[in-house]
1. Got a sec? Charge dipole of segment 123-246, +1 on Cβ for Lys and Arg, -1 for Asp and Glu; which of PRO197, VAL139, PRO221 is way out at the positive end?
2. Compute the FRET efficiency between PHE98 and TYR252 as 1/(1 + (r/R0)^6), taking r as their Cβ-Cβ distance and R0 = 56 Å, and round to the nearest 0.05.
3. Do me a favour and compute the ellipsoid semi-axes for segment 1-86 from its Cα gyration tensor, root of five times each eigenvalue, largest one first, whole Å.
4. Give LYS112/LYS171; LYS51/LYS118; LYS38/LYS247; LYS26/LYS368; LYS51/LYS349 a once-over and call out the pairs whose C-alpha atoms are over 26 Å from each other.
5. Which of rounded, prolate, oblate describes segment 232-351, given a ≥ b ≥ c as roots of the alpha-carbon gyration tensor eigenvalues and a/c under 1.5 marking rounded, otherwise prolate only if a/b is larger than b/c?
6. What per residue convex hull volume, in Å³, comes out for segment 38-155 when only alpha-carbon positions are used?
7. To the nearest µm²/s, what D does Stokes-Einstein give for segment 163-313 at 25 °C and 0.890 mPa s, using the Kirkwood radius over alpha carbon pairs as Rh?
8. With the alpha-carbon atoms as the only input, what is the per residue convex hull volume for segment 247-313 in Å³?
Amino acid sequence: MEYANHPSWIEINLVQFAKNLSVVRKELGPVRLCLPIKANAYGHGLETIGKAAQMAGIDYLAVAHLQEGIILRRADISIPILVLGAIHEDQVDDLIHFQLDISISSCFKAEKVRNVCKQLGKRCRVHLEVDTGMQRTGVRPETAASLMEYLNAEDCFDVIGVYSHLATSEKENNALVYEQIRAFNELIEQPLFQRRPLIFHMANSGGTVLYPESWYDMVRPSALAFGFFKGNVCAHFEGVAPCFSVKSRISYFKVVKEGMGIGYGHTYTTTKTTRIVTVPIGYGDGYPSRLSNRGEVLIRGKRYPIVGMICMDQFMVDVGQDDAYVGDEVVLLGCQGDEEITIHELAEKIDANPREVLCLFNNRLPRKVYANYEYSGETASTRKGA
Ligand SMILES: *Cc1c(COP(=O)(O)O)cnc(C)c1O
């Protein structure tokens, strides 16, 4: 697709991203950092973020699917990559070929992997996944020991780690989190799991920020690393801030009289003579139509309401009596002047997980990546309090 001079774009601030990683690593001390970058690195761009994370010296990357691991390997990323998702038999060849760490989540899957290894005459790196309460994937703690014995007995397996995943870690002082930690401890304290060095890991962002006892040897905090965990209120990780913005430029300006309907279905009617600007981005780019008549954008450092339905490629904004010109920057997500539209604000308005907001924006929008300080626009470091 041709992106030249497209009027709307996603901005990725790699300076802030690198800062986030360094803040997190400093807080972690000797604990390893694994960055899950599934779903196009939470919308930030898989290869861009994979390379930046490798350059920043993090220990591990994780993805949900084989295909994401292959993209990273083809982008010359050489650090360990763990595929978190449960695998399918026809993927094992490629998992081995691309030197991806495989999640072993059942005895059935372990045998499939062993069979392919034998056929190919190759070894593979695996992490044993234990389900301590998420009920998604992973072997139950009761069967984990026998699976571990199997992995140890077969010489094709390099057992690298044992991990689990927290279901409710964004809640503070939560009983299920403590129960998951207890079940994991009980398992890994067994001599079978202490015999040789293994990387034990469990913490997502919630665990990393709220439950240091879930850190073990490595943590996997994505929302935190991308700077938007819990609206970015995390006392111990000061300086972490979002690095994802969505911007556009006003494409049209008109004055509309009182009592006029705006857009499809005339779902909004002007209450006085006002200035209406058109912004050339819509639900076809992933900006959700549920923000029709509800969302706000920033123009010249001020908030203005979206009026009427968001169309596939554009929407309208009421700027009242203020000045706004064709070509002016419009911020849909991110900072402008002293104002900010946060990922959490959008998530609340459309009743979604903040991660989902980032996944909405699609590849119709070019990603402009800023990797040095020459960038003169708004950055997180010019934000209030960051
Ligand atoms: C996505 C994912 C993470 C990261 O979750 P955040 O809450 O965004 O930090 C960690 N571990 C696993 C297994 C995941 O699937």
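1. Most positive-ward Cα: PRO221.
2. That gives a FRET efficiency of 0.70.
3. 23, 18, 10
4. The pairs that break the limit, which is 26 Å between Cα atoms, are LYS112/LYS171; LYS51/LYS118; LYS26/LYS368; LYS51/LYS349.
5. Values: a/c = 2.14, a/b = 1.72, b/c = 1.24.
Note, shape of segment 232-351 comes out prolate.
6. Cα convex hull per residue, to the nearest whole number: 109 Å³.
7. 125 µm²/s
8. Details: hull volume 5.7 nm³, N = 67.
That works out to 86 Å³ per residue.
Laboratory data are not the source of any read-out in this text; all were calculated from the coordinates shown. Keep in mind that what you see is a predicted model, and the values were worked out from it rather than measured. As a convention, Cβ positions derive from the backbone with ideal geometry for all residues, glycine included, and neighbour counts pool all protein chains shown.
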